[in-house]
Amino acid sequence: MLKMTEIILLLFIWLTGSCVFSFADAAAWRMSRGMDFIKDRSRCDSCGHVLAFWETIPVVGWILCRGKCRCCGRPVSLRHMAAELIGGGAALLCADRMGISLESVWMLTFLGILMTAALVDLDTMEIPEGIHCVILVLTALSFLSRYIGLGNPEILAADSFELSLLSRAAGALCVSVPMLLLTAAVPGAFGGGDIKLSAVCGLFLGWKGILMSMIFAVLSAGAWGGILLAGRKAGRKDHFAFAPFLCAGVFVSVFWGEEIWNWYRTILMI
């Protein structure tokens with residue numbers, strides 16, 4: 001009976017994460033096309049057919065439709081199901097690392113917002129200002145909830161108010177300022193939206209989290225740029241969206257950053 005209860009709880013957590021990221025994906029799709037991301041309905045990418053409720057159920061809808069639009073018969077982009085699968089996995093990881101708590105809710109919401117930012121940047125090479133504002137609001141809620149009796153006691157025990165405030169302030173500046181200076185020296189090195197996104201992410205994560213995120217983002221973006229150059233799919237002066245790499249870096253930092261950090265310190269001590 002206990003195992004069945006645990007399975008149901010895990011399925012509920014997974015479905016919650018899938019729904020959050022499904023909405024994030026839908027919001028990105030609508031924003032990229034100048035639509036109202038709240039009022040407009042989900043549609044087929046090809047023919048514009050408005051999806052029925054059951055077609056929007058994460059993963060299940062894709063399976064029931066056999067990966068095709070039931071109106072025009074064209075394949076549905078795997079991007080939508082991938083976002084839902086990532087969301088489910090993120091929810092399970094949040095619950096595993098932070099427990100079923102407000103911290104877990106804030107983190108899952110934050111990651112969902114980053115998914116929207118990454119997908120919009122991928123489609124339009126721009127990051128809407130509203131995304132930065134939403135992350136700022138979420139940061140304030142996350143920060144305040146820790147110190148009014150709603151936070152996880154284990155997290156609070158290792159994180160004083162003053163240290164958390166200082167870490168977040170340092171996080172907002174330690175990556176965004178160098179990015180700004182580099183862009184001033186080399187025009188086009190980073191977009192304004194990327195710099196603002198790194199600042200608000202640093203405010204949410206703190207200095208260590210955003211540094212780890214940026215290291216992974218730069219390495220992965222550099223590798224991708226090298227692949228494009230080697231395949232002659234881009235020139236040295238061409239630009240590509242950076243937000244997806246920064247957001248992927250945040251994912252890695254949030255869930256495995258501490259382990260990577262400790263592993264790196266161990267190497268330095270050898």
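Here are some notes:
- Solvent exposure ordering (accessible area, 1.4 Å, most first) of E126, E6: E126, E6
- Potential extension, L229-A140 segment - 0.36 nm per residue separation minus Cα distance: 27.9 nm
- Between region 1-43 and region 48-77, the Cα center-to-center distance that results, in Å: 15
- For L93, neighbours were defined as the other residues whose beta-carbon sits under 14 Å from its Cβ, and their charges (Lys and Arg +1, Asp and Glu -1) total -3.
- Nearest-10 value in Å² for the accessible area of C72, using the 1.4 Å probe: 50
- Student exercise, the chain dipole from Lys, Arg, Asp, Glu Cβ charges, in Debye to nearest 20: 800
- For the pair region 83-120 and region 177-239, the centres of their Cα atoms are 22 angstrom apart.
- Here each label is just a point 7 Å from Cα along the line to Cβ, and for R79 and D40 those points are 1.3 nm apart.
- Accessible area, probe 1.4 Å, largest first, for residues L64, L229: L64, L229
- Highest average first, the peptides 80-89, 29-38, 256-265, 174-183 ordered by how many other beta carbon atoms sit within 10 Å of their residues are 80-89, 174-183, 29-38, 256-265.
- Summing Cβ point charges (Lys, Arg +1; Asp, Glu -1) relative to the Cα centre of region 182-270 gives a dipole of roughly 300 debye.
- Here the scattering of the chain is modelled by Debye summation over its C-alpha atoms, one equal scatterer each and no solvent; at q = 0.12, 0.17 Å⁻¹ the log10 of I(q)/I(0) is -0.83, -1.44.
- Using C-alpha pairs under 8 Å with a sequence gap of at least 6, the mean separation divided by the residue count of region 19-113 gives a relative contact order of 29 percent.
- Listed residues F23, L165, L144: farthest to the positive end of the dipole of the chain (Cβ charges): F23
- Cβ-based charge dipole, the chain, positive-most Cα from F37, C69, L11: C69
- Approximating the spin labels as points 7 Å out from Cα along Cα→Cβ, the V60-to-L92 distance works out to 1.8 nm.
- For the chain, the solvent-accessible area of protein heavy atoms averages 57 Å² per residue (probe radius 1.4 Å; ligands and nucleic acids excluded).
- Mean Cα-pair separation over length for the chain, i.e. relative contact order, pairs under 8 Å, 6 or more apart, %: 17
- For region 197-252, with all protein chains in place and a probe radius of 1.4 Å, 68% of the accessible heavy-atom surface sits on carbon or sulfur.
The values are calculated or read from the model by the stated rules, or taken from the named source; none is laboratory data. The structure presented is a predicted model; accordingly, all values stated were derived computationally and were not measured. Glycine also receives a Cβ, built like all others from the backbone with ideal geometry; neighbour counts cover every protein chain displayed. Note: areas computed on protein heavy atoms with side chains; ligands, DNA, RNA excluded. Shrake-Rupley method; radii C 1.70, N 1.55, O 1.52, S 1.80 Å.
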